[in-house]
Amino acid sequence: AKGFVREISLPQIHDPRGDLTFVEGQNHVPFDINRVYYLYNVPVDAVRGGHAHRELEQIVFALSGSFRMTVDDGVTRSEYWLRDPRKGLYISRLVWREMDAFSQGAVCMVLASHRYNEADYYRDYNQFIAALRDQPQ
Ligand code: T46
C-alpha cells in the first residue's frame, strides 16, 4: 500500500474567554497515541524532516504560527501550509516529509502512533523509493 496524507479537523469551542480544541483517542485519531512531541524555538530559516517512516503514523498540528509541510508519496509531491490549530495533517507510513518556512514563534505539535525508534526512519530518499518499489500494490 502507498503512503497518503489527509487533513483532520478538530472541534472548536468558541468562547469570549478564548477558544478550546480537543483531541480524543479512538475518535479523531485513527491510531493509539503512544507519543506526543513538539517543535518550538525553530529558527525561521530552519529545514526539518527529510525522512519517511516504515511504520509510524502521525498527525501534525501548528498550535501557534505557521509552517510548510511538503509531503511526497514517491509519485506526487504536495505542499500544505499548517496555520490553524484546529486542523491537523494525518501522515501515514511511507510518506517522505520536509518542513520549512516556520513563522517566528511557531509551535508544531505531533501525535504519533509509536514511541521514538530510529530504526523506523528512512533518512535516505533513494532508500525510501527503493522500499516503495518492494511494497505489495
Ligand atoms: C517527523 C517530523 C515532523 C527523540 O529522541 N525523540 C523523538 O520523539 C523525536 C521526534 C526525536 N528524537 C531525537 C532524534 C534526533 O536526534 O531528536 C533529534 C531530532 O529529531 P529529527 O531530526 O528526526 O527531528 P525532525 O523535526 O526532523 O523530525 C521530527 C520527527 O523525527 C519525524 O518523525 O515526522 O518531526
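The values are calculated or read from the model by the stated rules, or taken from the named source; none is laboratory data. On a predicted model such as this, the values are computed, not experimentally measured, just so you know. Positions of Cβ are generated from backbone atoms using ideal geometry, with glycine treated the same way; all protein chains shown enter the neighbour counts.
So the values come out like this:
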{"item": "Residues being within 11 Å of the ligand (Cβ to nearest atom), in a strand (DSSP E or B) and in contact with a His (Cβ under 9 Å, 6 or more places away or on another chain) - total across segment 87-97", "result": "3"}
{"item": "Scan of segment 36-50 for residues that are more than 6 Å from the ligand (Cβ to nearest atom) and within 17 Å of Leu111 (Cα to Cα), ordered by number", "result": "Val36, Tyr38, Tyr40"}
{"item": "All positions within segment 5-23 that are exposed (fewer than 12 other Cβ atoms within 10 Å of the Cβ) and more than 16 Å from the ligand (Cβ to nearest atom)", "result": "Ser9, Ile13, His14, Asp15, Pro16, Arg17, Gly18, Asp19, Leu20, Phe22"}
{"item": "Segment 24-64, residues that are part of a loop (DSSP other than H, G, I, E, B) and surrounded by 18 or more Cβ atoms within 10 Å (Cβ to Cβ)", "result": "Val42, Leu56, Glu57"}
{"item": "Any chance Asp100 is surrounded by 12 or more Cβ atoms within 10 Å (Cβ to Cβ) and away from the ligand (no atom under 15 Å from the Cβ)", "result": "no"}
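Table: residues versus (1) in a strand (DSSP E or B); (2) modelled with pLDDT of 95 or more; (3) under 24 Å from Thr21 (Cβ atoms); (4) not basic (Lys, Arg).
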position: Tyr80; (1), (2), (3), (4): yes, yes, yes, yes
position: Pro85; (1), (2), (3), (4): no, yes, yes, yes
position: Met99; (1), (2), (3), (4): yes, yes, yes, yes
position: Ser103; (1), (2), (3), (4): no, yes, yes, yes
position: Val110; (1), (2), (3), (4): yes, yes, yes, yes
position: Arg115; (1), (2), (3), (4): no, yes, no, no
